Amino acid sequence: MRFLGVDYGSRRIGLALSDYTATLARPWQMIPAAGVPAQSAAAVARVVATLRASDDPDLDGIVVGLPRRLNGEDTDQTPQVRVFVAALEELTGLPVSTQDERLTSVEAESRLAGREKDWKKRKALIDAESASILLQDYLDNRPR
């Protein structure tokens, strides 16, 4: 059982993978966003297809970070993420869940600051790190 975590952004999309026991998440890669949500979903779907064709045919699901304000209300980006989620589910045929992503970027920045002092290098890693945080939250809280 394995899951892909996705931190969708208008410029970059961070990806994370769980281990085969769906216990631990790790940052994987960042891909550029394609402009509109449906095109970005197609870009992620291509990555999923490559992953499934190569070494991981048993990918069980995808978890996408859902942006929310601290009070729980939708942000301006939440509707775009919902379109992205629907397109991704249709394109991959996999179940796509959403996970609250409040403060994941702040936590990712904090984690990376301890390991990498150069801001430009941290910026290249932050999206995948955020994806791993939201995926880990999902793994920790899902019913077994």
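So which residues in the stretch 1-23 are assigned to a loop (DSSP other than H, G, I, E, B) and surrounded by 14 or more Cβ atoms within 10 Å (Cβ to Cβ), if there are any at all?
8, 9, 22
Return the residues of the stretch 67-81 that are in contact (Cβ under 8 Å) with a residue 12 or more places away in the chain, surrounded by 13 or more Cβ atoms within 10 Å (Cβ to Cβ) and either within 18 Å of residue 133 (Cβ to Cβ) or out of contact with any Leu (no Cβ under 7 Å at 6 or more places or on another chain) (or both); say none if nothing qualifies.
67, 68, 77, 80, 81
Within the stretch 43-56, does at least one residue satisfy the condition of being in a strand (DSSP E or B) and surrounded by fewer than 19 Cβ atoms within 10 Å (Cβ to Cβ)?
Scanning the stretch 43-56 turns up no residue that is in a strand (DSSP E or B) and surrounded by fewer than 19 Cβ atoms within 10 Å (Cβ to Cβ).
Filter the stretch 34-48 down to the residues that are within 14 Å of the chain's Cα centre (by Cα) and β-branched (Val, Ile, Thr), then identify the one that is nearest to residue 8 (Cα to Cα).
Looking at residues that are within 14 Å of the chain's Cα centre (by Cα) and β-branched (Val, Ile, Thr), I get 44.
Of 82, 26, which residue is part of a strand (DSSP E or B) and either more than 15 Å from residue 98 (Cα to Cα) or basic (Lys, Arg) (or both)?
Criteria check complete, one pass: 26.
Does residue 46 fit the bill of being closer than 24 Å to residue 141 by Cβ, free of Cβ contacts under 8 Å to residues at least 40 places away in the same chain and of a type in the set (Lys, Arg)?
No: the conditions fail for residue 46.
Spot the failing condition for residue 91; the list is (1) over 13 Å from residue 8 (Cα atoms); (2) in a strand (DSSP E or B), and only one is missed.
(2)
We did not get these values from a lab; they are worked out from the coordinates using the rules stated. Note that this is a predicted model, so its numbers are computed, not measured. Every residue, glycine as well, gets a Cβ built from its backbone with ideal geometry; the counts of neighbours run over all protein chains shown.
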